[in-house]
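A short reminder: the numbers here are calculations on the coordinates, not readings from a lab. None of these values were measured; they are calculated from a predicted model. Glycine gets a Cβ as well: all are built from the backbone with ideal geometry, and neighbour counts include every protein chain shown.
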Amino acid sequence: MKRSILNSLLLAVLVVMGIGCRPKKVIITTPPIGQTTGELKVDKKPENLELLKSKDLPFNTLALRGKADLDINGDENNVTMIIRIQKDKKIWVSVTAIAGIEVARAVITPDSLLLLDRLHKKFTKKPFSYIYNYTNKQINFGLLQSVFSGNTIKDFMVEKSALVQENGVWVLSGTADDLAYRSLFNTLLKVQETSLNDAKAAQAFKVTYGNYTPVNNALFPSSLKINSMSGDKKINVNIDFIKIESNTPVDFPFTVPKSFEVIN
């Protein structure tokens, strides 16, 4: 990889930031416009919000593996990403190059970031607030967790948000301080895409989900695409999941070799 994998992983992961499934996943057909699964009712916003949230995947742990295309400011790399989540506690990410060699590892918690750059033998530990160098201050651990799980974002699923039908599908939108958010739901009432924009800070973020596949009596996206911009930093991440496991035992190994340089 041409650039420092530590910086690439930090940008790619932080701003974005069941049953095992193989490439031939079971795909749930999205009904045509006008044939929404479930029923949202006009002028019933509290009930509608609850119905949308009821479509979220409930989980204690998630273990994901996917083939990913990373484009960091024009530097493109094809990698394998392993993502493990312990709900509300930590997100663990491992990045492996085509040769099968792990090049980076990260652990994100609600208050800290741990990053290993194996290529350059470097380690860094930062408070969670470090990501605000790259994205809006409304980004928190819960939002990252929702992005990776394809679930609704808790902070946006509130009555002050607007919830209307546009072109036959439901759209949730609103503002939080300087951040404008917008989530579009497909006819399965699952999130199809979410956009976050902070014009004042010149920051934009968009996540788009591919077809959904059944996992533990709920639905999980078979792929996700993330586009992010913060000033002159541009990041595109496209992950096609080849393995999805929910509520299985997972571990989060993270050991810093003594030979690694500590970067503050």
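Placing a pseudo-label 7 Å from each Cα along the Cα-to-Cβ vector at Asn167 and Ile28 gives an inter-label distance of 2.2 nm.
Fully extending the segment from Ser259 to Asp69, taken as 0.36 nm per residue of separation minus the present Cα-Cα distance, adds 65.4 nm.
In the structure shown, the pairs Lys53/Lys190; Lys87/Lys154; Lys87/Lys125; Lys41/Lys206 are assessed against 18 Å; a Cα-Cα span above that value is assigned to Lys87/Lys125; Lys41/Lys206. Which residues does the label zone of Ser112 cover in segment 140-162, counting backbone N under 18 Å from a point 7 Å along Cα→Cβ? Counting backbone N atoms under 18 Å from the label point, the list is 141-142.
Straight-line cross-link partners of Lys122 among the aspartates and glutamates, defined as a Cα under 16 Å from its Cα and at least 8 positions apart when in the same chain: Glu102, Glu261.
May I ask you to work out the translational diffusion coefficient for the chain at 20 °C, viscosity 1.002 mPa s, via Stokes-Einstein with Rh from the Kirkwood sum over Cα pairs, reported in whole µm²/s?
Values: Rh = 19.1 Å.
My calculation gives 112 µm²/s for D.
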